[in-house]
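Each value in this text was obtained by applying a stated rule to the coordinates, not by laboratory testing. Bear in mind that the values here come from a model prediction, so they are computed numbers and not experimental data. Every residue, glycine among them, receives a Cβ derived from its backbone with ideal geometry; neighbour counts consider all protein chains shown.
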Amino acid sequence: MNSSSSSANAPTVAVLGGGAAGFFGAIACAEANPGLRVLLLEKTGKLLGKVRVSGGGRCNVTHACESAAQLVAHYPRGGKPLKAAFQTFGVPDTVAWFARRGVALKTEADGRMFPVTDSSETVARALEDAARRTGVQVFTNANVEEITPQPGGFQLRLAGTGRPAPALAVARLLVATGGQPKSAQYDWLRPLGHALAEPVPSLFTFNVPDSPLRELPGVSVARARVTLAGEKLAYEGPLLVTHWGVSGPAVLKLSAWGARRLSELAYTGTALISWLPDHTDDTLRPWLHQFRQDNGRKGVAANPQLGLPQRLWRTLAEQAGIGPDLRWSDVPAKAQNRLLELLLRTPLAVRGKTTHKDEFVTCGGIALTDIDLATMESRRVPGLYFAGEVLDIDGVTGGFNFQAAWTTGFLAGQAMASFGEESN
């Protein structure tokens, strides 16, 4: 993708990164000031990679939050500082932006918003078409290796087969290169002098190599609570048993809010699963006692209770020492107590994590204290802007990371565009 520029003599601004934030920033800048020459430089050969793979190829564009206050509650890092930004460009603005470009969004029961086509290509094409229409020049395989501030802007040193030139002078610059899992991957930005929150993974699943649930891959519950033993970390939501451990929103939320602590623990510990988050010992014990009195002749393992999947119920009963043919009236008190414990606190020995390589989210990045969050401009380097996951912003699963990308990209692009007249 490589569209023509409006004028070789026009002031030039550049956007680094061909993802959600980069495209949004470039489009916002070009639309706000058609007199600028806007370049978008992507170091790989692939544009909008996360957009295309997210949501299982459907692209979870955003989340149905009515207000900025509601939205910020879903960001382990960066939410509260971005409240004013979300008020300027929030979920309704995102929905309207895509609608104007022919992409209608639908809201699912859990609040996630997808294109009605259920295809991420719809979203990617809308962004690429908008960039093309506004005259954004897009270069792939164009890797910026060094940024040097100079009077009137920046000198960029480029490598790669698709670069517009070995060196490029730009008046303003937006860095939207995404989150990186390793600290060394930020080294090219360090000479600019910004504080950096060291990166660690967020939004990952738990590996449980010795899981007592290993024979249950694919079993899910609509609502469970996951607690990290010995820590003040507990989150509720759907949970999925996998062949490597456990996944689902409950686990992903805990991994996001506990990203730094889990890194410190080297991703080891005990996860306690409550399959019945509305129950406590004090409510479940009398329920079991009464059920046993009323249903003494029923088999335990073959008759799942409390809305739990049959395979899960049977496995928990077996682990409690309740044989496949045992009736409720014959269950020893010790086995009943063990069943209660497993229903409320199944222990899983976590030994590592699994992160989808194309959808990873990083906790860490450029510190927000170094950024003017009204414009996304650096407080340290005038004319330099940041947007998206390169910043120390990350949300839980559900469209929140894309919303942060749209918001910060839009604000940065608009702010970059305001400079045209004084530079002409």
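Take the Cβ atoms of Glu108 and Arg327, set R0 to 30 Å, and the FRET efficiency comes out at 0.10. Estimated at 0.36 nm per residue, the fully extended path between Ala165 and Ala184 surpasses their Cα-Cα distance by 4.3 nm. Straight-line cross-link reach from Lys106 at under 21 Å between alpha-carbon atoms covers these lysines, not counting any fewer than eight positions away in the same chain: Lys50. The smallest convex shape that holds all Cα atoms of segment 329-386, its convex hull, gives 205 Å³ per residue.
Taking the fewest neighbouring Cβ atoms within 10 Å as the starting point, the ordered list for Met376, Met113 is Met113, Met376. As a proxy for reagent exposure, Lys298, Lys50 were ordered by neighbouring Cβ count within 10 angstrom, fewest first; the result is Lys298, Lys50. Build a GNM of the chain with springs between Cα atoms under 10 Å apart, and of Pro286, Pro76, Pro347 the one that fluctuates most is Pro286.
Counting neighbouring beta carbons within 10 Å and listing from fewest to most, the residues His74, His63, His289 come out as His289, His74, His63.
Simple spin-label estimate for Thr117 and Val53 gives 2.1 nm between the two label positions (7 Å along the Cα-to-Cβ direction from each Cα).
What lysines sit close enough to Lys232 to cross-link, taking a C-alpha to C-alpha distance under 25 Å and skipping anything fewer than 8 places away on the same chain? The qualifying lysines are Lys80, Lys253, Lys353.
For Gly245, the residues whose amide H sits under 5 Å from its own are Val208, ignoring neighbours fewer than 5 places away on the same chain, with H placed 1.01 Å from N. With kT/(6 pi eta Rh) evaluated at 4 °C and eta = 1.567 mPa s, and Rh the Kirkwood radius from Cα pairs, the chain diffuses with a coefficient of 55 µm²/s according to Stokes-Einstein.
Among rounded, prolate and oblate, which fits segment 36-85 when a ≥ b ≥ c are the square roots of the eigenvalues of its C-alpha gyration tensor, a/c under 1.5 means rounded, and a/b larger than b/c means prolate? Oblate is the answer for segment 36-85, as a/c is 1.5 or above yet b/c matches or exceeds a/b.
The simple spin-label model puts a point 7 Å past each Cα toward its Cβ; for Phe291 and Thr369 those points are separated by 5.2 nm. Only helices enter the 222 nm calculation for the chain: every DSSP H run of n ≥ 4 contributes -39,500 (n - 2.57), and dividing by all residues gives -9000 deg cm²/dmol, rounded to 500. Listed by chain and number, the lysines whose alpha-carbon sits under 27 Å from that of Lys334, ignoring those within fewer than 8 places in the same chain, are Lys298.
If you model segment 204-354 as an ellipsoid using its alpha carbon gyration tensor, with each semi-axis the square root of five times an eigenvalue, the axes come out at 29, 15, 13 Å, biggest first.
Close amide-amide hydrogen proximity is noted between Leu40 and Val15, Gln137, Val138, Phe139, each under 5 Å apart and 5 or more residues distant or on a separate chain (H modeled in the peptide plane; Pro and chain starts excluded).
Stretching the chain fully between Gln150 and Gln70 yields a gain of 24.6 nm (0.36 nm per residue, less the alpha carbon separation). Take the Kirkwood radius over Cα pairs of segment 288-329, plug it into Stokes-Einstein at 20 °C and 1.002 mPa s, and you get 209 µm²/s for translational diffusion.
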